[in-house]
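Engineer: Sending over a structure as structure tokens; questions will come in a sec.
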Amino acid sequence: MDATTFHDFHATTIDGERQELSAYRGQLVLVVNTATQCAFTPQFRGLQALQDRFGGQRFTVLGFPSDQFHQDPGSDQETRDACAATYDITFPLFAKSDVNGEDALPLWRWLREQKAGVMGGRIAWNFTKFLIAPDGRVLRRWAPPVPPARIAGRIESELGLR
């Protein structure tokens with residue numbers, strides 16, 4: 001893969017627009033594969049809490065919905081509406097995409113290569129989280145059960161708030 005940083009990729013927003021991820025250069029980014037009907041779906045509240053707490057300090061959450069585990073059925077519009085209505089999500093959401101296999105977004109293939117995790121690189125489930133440095137390097141990967149609140153200390157540290 002020719003890409004060397006997170007900023008070398010693009011993705012499609014949930015509204016169908018191309019988004020260059022280089023737009024997030026200089027920010028600390030938490031990339032999460034999400035789903036609206038998963039046991040971990042309540043983590044949306046914690047992700048939004050991180051966005052609320054650190055969003056004004058060069059930090060953002062980026063949500064990448066995926067139905068690859070059959071827990072986010074429906075259209076992108078339905079996913080966006082569910083996130084807004086139930087969890088009042090304000091962080092950017094992207095179009096549904098695969099995170100594993102041949103059809104996985106190049107970004108997700110790259111993320112898996114950078115921080116393989118316990119499944120040999122595969123994304124085990126929804127709400128796998130990757131923390132991206134302002135320069136585009138992958139700093140850390142967290143498994144789906146790790147609640148967003150447990151990541152807050154690392155975010156504070158990376159932002160120089162501790």
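Engineer: Could you check how many residues of region 44-61 are in a strand (DSSP E or B), surrounded by fewer than 24 Cβ atoms within 10 Å (Cβ to Cβ) and in contact with a Leu (Cβ under 7 Å, 6 or more places away or on another chain)? Quick ask: steps written out before the conclusion?
Structural biologist: Going residue by residue through region 44-61, those that are in a strand (DSSP E or B) are 59-61.
Pick out the ones that are also surrounded by fewer than 24 Cβ atoms within 10 Å (Cβ to Cβ) and you get 59-60.
With in contact with a Leu (Cβ under 7 Å, 6 or more places away or on another chain) added as a condition, the list becomes 59.
Of the residues in that region, 1 qualify.
Engineer: Can I ask one more? Sort through Leu93, Leu107, Leu111, Leu161 and tell me the only one that's in contact with a Cys (Cβ under 7 Å, 6 or more places away or on another chain) and among the hydrophobic types (A, V, I, L, M, F, W, C). Working first, answer last.
Structural biologist: Details: Leu107 fails: in contact with a Cys (Cβ under 7 Å, 6 or more places away or on another chain); Leu111 fails: in contact with a Cys (Cβ under 7 Å, 6 or more places away or on another chain); Leu161 fails: in contact with a Cys (Cβ under 7 Å, 6 or more places away or on another chain).
Just one listed residue meets the conditions, Leu93.
Engineer: Do any helices (runs of 4 or more DSSP H) lying entirely in region 67-162 carry at least 1 residues that are modelled with pLDDT under 95 and over 23 Å from Asp15 (Cα atoms), and which ones are they?
Structural biologist: 106-114
Engineer: Which residues, taken from region 15-43, are hydrophobic (A, V, I, L, M, F, W, C), surrounded by 19 or more Cβ atoms within 10 Å (Cβ to Cβ) and at pLDDT 95 or above?
Structural biologist: Leu21, Leu28, Val29, Leu30, Val31, Val32
Engineer: If you check Leu161, Leu139, which single one turns out to be of a type outside the set (Val, Ile, Thr), at negative phi, surrounded by fewer than 20 Cβ atoms within 10 Å (Cβ to Cβ) and without any contact (Cβ under 8 Å) to a residue 24 or more places away in the chain?
Structural biologist: Details: Leu161 fails: without any contact (Cβ under 8 Å) to a residue 24 or more places away in the chain.
Criteria check complete, one pass: Leu139.
Engineer: Determine if region 65-88 includes at least one residue that is over 18 Å from Arg45 (Cα atoms), of a type in the set (A, V, I, L, M), out of contact with any strand residue (DSSP E or B) (no Cβ under 9 Å at 6 or more places or on another chain) and exposed (fewer than 15 other Cβ atoms within 10 Å of the Cβ).
Structural biologist: No, every residue in region 65-88 fails to be over 18 Å from Arg45 (Cα atoms), of a type in the set (A, V, I, L, M), out of contact with any strand residue (DSSP E or B) (no Cβ under 9 Å at 6 or more places or on another chain) and exposed (fewer than 15 other Cβ atoms within 10 Å of the Cβ).
Engineer: What number of residues within region 11-39 are closer than 15 Å to Ile155 by Cβ, in contact with a helix residue (DSSP H, G or I) (Cβ under 9 Å, 6 or more places away or on another chain), of a type outside the set (Ser, Thr, Tyr) and not in a strand (DSSP E or B)?
Structural biologist: Total meeting the criteria: 0.
The values are calculated or read from the model by the stated rules, or taken from the named source; none is laboratory data. If you're wondering where the values come from, they're calculated on a predicted model, not measured in any experiment. Glycine also receives a Cβ, built like all others from the backbone with ideal geometry; neighbour counts cover every protein chain displayed.
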